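A.B. asks: I'd like to ask some things about the structure below.
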Amino acid sequence: MTLKKQWKTNWNLQSFNFEELFQILTKVINKQLPYLTNEEILLEHDFITTYEADSVDVVTMLLLLEEIFKDASDATETVVPTDKLGQIHLVEDLFDVIYELLLEMENKLSSGKKIHADLKVLEKQDGSSGDIYQQ
């Protein structure tokens, strides 16, 4: 299974535009990797080689995104596909996974309804979620 990255040529998501979704992703990355500035987070950057993140960081970011969109709609359930975890190397890969998940959720919604993001989830977390592994 490969990442589609259809958003690069054809944006179909109605609930968020590119900038809004990228801003959410940036907040999640900043939460897990607080030493990064917003300007340092670019789609083409590699989590491991550019940001010195590890697989725990990537999993934590996926879980944070899942939590942000958990109550996005009564009609949908947010479950981040863990089968794509091994394919997430770049920021754009993480973006693609979330884009596809949200697109799938939108398809289950009644016409005209939009998905909302609960960014308060990020405020509830103290420090990066991977801190427990860095003792």
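A.B. asks: Suppose we keep only residues that are surrounded by 18 or more Cβ atoms within 10 Å (Cβ to Cβ) and under 14 Å from the mean Cα position of the chain (by Cα) within the stretch 73-92. Which one would you say is modelled with the lowest pLDDT? Write out each step before concluding.
C.D. replies: Going residue by residue through the stretch 73-92, those that are surrounded by 18 or more Cβ atoms within 10 Å (Cβ to Cβ) are 73, 76, 78, 80, 84, 88, 90-92.
Within this subset, residues satisfying the condition of being under 14 Å from the mean Cα position of the chain (by Cα) are 78, 80, 84, 88, 90-92.
Details: T78: 63, V80: 70, K84: 81, I88: 93, L90: 96, V91: 97, E92: 96.
The selected residue is T78.
A.B. asks: Right, next: Scan the stretch 22-37 and give yes if some residue there is modelled with pLDDT of 90 or more, among the charged types (D, E, K, R) and outside any loop (DSSP other than H, G, I, E, B), otherwise no. Outline the logic, then answer.
C.D. replies: In the first step, residues of the stretch 22-37 are kept if they are modelled with pLDDT of 90 or more; the result is 22-37.
Cutting the leftovers down to among the charged types (D, E, K, R) gives us 27, 31.
Then drop every residue that is not outside any loop (DSSP other than H, G, I, E, B), which leaves 27, 31.
There is at least one residue in the stretch 22-37 that is modelled with pLDDT of 90 or more, among the charged types (D, E, K, R) and outside any loop (DSSP other than H, G, I, E, B).
A.B. asks: Same structure again: Taking into account only those residues within the stretch 96-121 that are open to solvent by 90 Å² or more (accessible area, probe 1.4 Å) and not in a loop (DSSP other than H, G, I, E, B), which is farthest from T82 (Cα to Cα)? Before the answer, list the steps.
C.D. replies: Going through the stretch 96-121, the residues open to solvent by 90 Å² or more (accessible area, probe 1.4 Å) turn out to be 104, 107-108, 111, 113-114, 116, 120.
Now narrow it down to the ones that are not in a loop (DSSP other than H, G, I, E, B): 104, 107-108, 120.
Numbers: E104: 15, N107: 20, K108: 20, K120: 24 Å.
Restricting to residues being open to solvent by 90 Å² or more (accessible area, probe 1.4 Å) and not in a loop (DSSP other than H, G, I, E, B), the top hit is K120.
A.B. asks: Looking at the stretch 1-53, which of the residues that are acidic (D, E) and touching a residue at least 24 places away in the same chain (Cβ under 8 Å) is surrounded by the most Cβ atoms within 10 Å (Cβ to Cβ)?
C.D. replies: Step one: filter the stretch 1-53 for residues acidic (D, E), giving 19-20, 39-40, 44, 46, 52.
Narrowing further to those that are touching a residue at least 24 places away in the same chain (Cβ under 8 Å): 44, 46.
Details: E44: 8, D46: 13.
In this case the residue turns out to be D46.
The values are calculated or read from the model by the stated rules, or taken from the named source; none is laboratory data. On a predicted model such as this, the values are computed, not experimentally measured, just so you know. When we count neighbours, we look across all protein chains shown, and the Cβ atoms used for this are built from the backbone with ideal geometry, even at glycine. Heavy atoms of the whole protein, side chains included, go into the accessibility calculation; ligands, DNA and RNA do not. Shrake-Rupley method; radii C 1.70, N 1.55, O 1.52, S 1.80 Å.
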